[in-house]
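The values are calculated or read from the model by the stated rules, or taken from the named source; none is laboratory data. Since the model is a prediction, treat every value here as computed from it, not as a measurement. FYI the Cβ positions are ideal-geometry reconstructions off the backbone, even for glycines, and counts take in every protein chain you see.
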Amino acid sequence: MDIFNKESSLSEKILGDNNAQITVCINGTCSMFNKLTAEDITQCREEYYTEYLPVKIEKTIEKKMFAVLKNPRNVYIYKEPEEYDADLEKLASHINENNRDSILEKMINKYKDYVRDYYHTGGYEMFDILMKEFSVFVQKHMKYEITRNDFEDEEVEIYDAIADM
């Protein structure tokens, strides 16, 4: 029925000169398409939340990092860091029980990447900010405390060095 709302001349053609039986058949076909579309939308919504939402969160945290660093050559800077906090709050509101574990795993992995980068670069400020922002996001929005147990055996030494700072 959505197509009828968008293109009224098409709806007049289809429904205009038909008898009741043909109109019932058309209505049944449209109902089937609407049901298929609703199922596709649900499936795509879950894919969006598990695949694209973590990417949006990461990009927002990166933009916030650039705002904190006040890099004037970065074209993405147009907000204050506090405004990115509001954006992160909005993105976090889309996290639910169905996608929480998947998103949490991705956020912890990004955190661990930045911990390793920070450790291997000798405390480069950019990685410090990213590491802390991912930690804050996981703690504040996902209500999860990152611990030593989240790190693999070979990463524990890096975690210990970072935790002592």
| query | List the pairs whose first member sits in region 29-53 and is among the hydroxyl-bearing types (Ser, Thr, Tyr), whose second member is at pLDDT 70 or above and surrounded by 11 or more Cβ atoms within 10 Å (Cβ to Cβ), and whose Cβ atoms are under 8 Å apart, counting only residues at least 6 apart or on separate chains? | reply | Tyr49/His94; Tyr49/Ile95; Tyr49/Asn98; Tyr49/Asn99; Tyr49/Ile103; Thr50/Asn99; Thr50/Ser102; Thr50/Ile103
| field | Which listed residue, of Glu58, Glu83, is at pLDDT 90 or above and over 23 Å from Tyr144 (Cβ atoms) | value | Glu83
